[in-house]
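To keep things clear, I will list the structure first and then write my remarks on it.
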Amino acid sequence: MYDIISKEKINSLICDASYNIIVLETVSSTNLYLKELSKDGAPHETVVIADNQTNGRGRPGREFFSPSGTGIYMSILIHPDKTELQPGLLTVAAGVAVCRALESVCSTIPRIKWVNDIFVNGKKVCGVLAESLTNPLQGINSIIVGIGINVTTSSADFPGELSNIAGSVFPENATRNEIIAKVLAEFKMIYNSFDAKSLIEEYKSYLFVLGKKISFNQNGKTFSGIASDINTEGNLIVKLENGETITLKSGEVSLGSENFTE
Ligand code: BTN
């Protein structure tokens, strides 16, 4: 269902106008745009949403394909008021907020591939890019949580290799405004009553890597092992084949086959 992204519509759906929402037609990257606003003192919970991005950024240094009219590209500025609210846990919070929102609009349960690639029907439909910054004006460390969701981008439109990996949510009856409002409402709920333990438990319930054989690269070497747990900071605990245990704070893991399986 095509809709024009509208601040008024989103605010009316959240039933709470405390987010400072800015809607743009086109921007290079909502994360970069919000970074500039933050330097000028933008308040906590400023949200930039664009209909399309010309330079959408993913991890690590990849592009996030951001065509017009078929996706959600948004960034939320957080001035954390609690020390435990580190980028890692805000990434986890964003992942859970997106999963709760997508679960309410699609017929299947979304799944997370650590750290925060969200899959629906075996295809990646969402990525999260959290970036920290220090604001010299306000003297605080802020975090920008960037969320990109493919809503109705058709598989033929994804460029090259991406068409094998990326997919779209194709919500049954929901518009982009409704999905945005749901994600923002869920994120606010998690943030306002922040409880790392229950957040991690819920995050783990969406993860599809736990108990599976994974591989990852570190310092130019490839390691493999079993993804065994998530710690209280959202890091992945891996039992290596040589018996050692390693804690991964960031990066990318691959499953034996990149195919998603339940
Ligand atoms: C990933 O998949 O590696 C993360 C993708 C994050 C994309 C979002 S879209 C909104 C925000 N602006 C950006 O440039 N990137 C994030």
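Report, in debye and to the nearest 20, how large the dipole of the chain comes out about its Cα centre when Lys and Arg carry +1 and Asp and Glu carry -1 on their Cβ.
Approximately 400 debye in magnitude.
Using only C-alpha atoms and all pairs of different ones, pull out the Kirkwood radius for the range 63-196 in Å with one decimal.
15.3 Å
Treating the angle as unsigned and between 0 and 90°, give the value, to the nearest 10°, between the Cα long axis of helix 176-192 and the longest Cα principal axis of the chain.
For 176-192 against the chain, the angle is about 70 degrees.
A 29 angstrom limit on the alpha carbon distance is what I want to check against. Which of 188/239; 113/239; 7/249 exceed it?
Check vs 29 Å cut-off fails for 188/239; 7/249.
Based on the Kirkwood radius over alpha-carbon pairs, what is the Stokes-Einstein translational diffusion coefficient of the range 116-262 at 37 °C with 0.692 mPa s viscosity, in µm²/s?
D = 185 µm²/s.
Given a cut-off of under 8 Å on Cα pairs at least six residues apart, what relative contact order in percent is computed for the chain?
After rounding, I find 18 percent.
Once every DSSP H run of n ≥ 4 in the chain is given -39500 (n - 2.57) and the sum is divided by its residues, what mean residue ellipticity at 222 nm do you get, rounded to the nearest 500 deg cm²/dmol?
-8000 deg cm²/dmol
Give me the net charge for the shell around residue 183: Cβ to Cβ below 11 angstrom, other residues only, Lys and Arg +1, Asp and Glu -1.
Here the charged neighbours net out to +2.
I'd like the antiparallel share, as a percent to the nearest 5, of DSSP beta bridges with both residues in the range 1-113.
Counting DSSP beta bridges with both partners in the range 1-113, the antiparallel share is about 40 percent.
Please compute, over every Cα-Cα pair in the range 1-132, the percentage with a separation greater than 25 angstrom.
24 percent
Tell me which aspartates and glutamates have Cα within less than 12 Å of residue 213's Cα, excluding those fewer than 8 residues away on the same chain?
Within reach: 241, 258.
If the reach is capped at under 19 angstrom between alpha carbons, list the aspartates and glutamates near residue 182, excluding any in the same chain fewer than eight residues apart.
3, 8, 16, 45, 51, 103, 117, 172, 202
Give the separation of the Cα centroids, the range 192-262 to the range 1-40, in Å.
Each part's Cα centre sits 32 Å from the other's.
Anyone know which of 56, 211, 234 comes out most mobile in the 10 Å Cα GNM of the chain?
Fluctuation is largest for 211.
Using a simple charge model, +1 on the beta-carbon of Lys and Arg, -1 on the beta-carbon of Asp and Glu, nothing else, what dipole does the range 85-189 show about its Cα centre, in debye to the nearest 20?
Here the size comes out at about 160 debye.
Going by average Cβ density within 10 Å per residue, which order do the peptides 79-89, 21-31 take, highest to lowest?
So the order, starting with the most tightly packed, is 21-31, 79-89.
What do you get for Rg/Rh over the chain if you use C-alpha atoms and the Kirkwood form of Rh?
So for the chain, dividing Rg by the Kirkwood Rh gives 0.95.
Please work out, to two decimal places, the log10 of the ratio I(q)/I(0) at q = 0.22, 0.24 Å⁻¹ from a Debye calculation in which every Cα of the range 174-250 carries one identical scatterer.
So the normalised log intensities work out to -0.97, -1.07.
Laboratory data are not the source of any read-out in this text; all were calculated from the coordinates shown. If you're wondering where the values come from, they're calculated on a predicted model, not measured in any experiment. For neighbour counting, all protein chains shown are included, and Cβ atoms are generated from backbone atoms with ideal geometry for every residue, glycine included.
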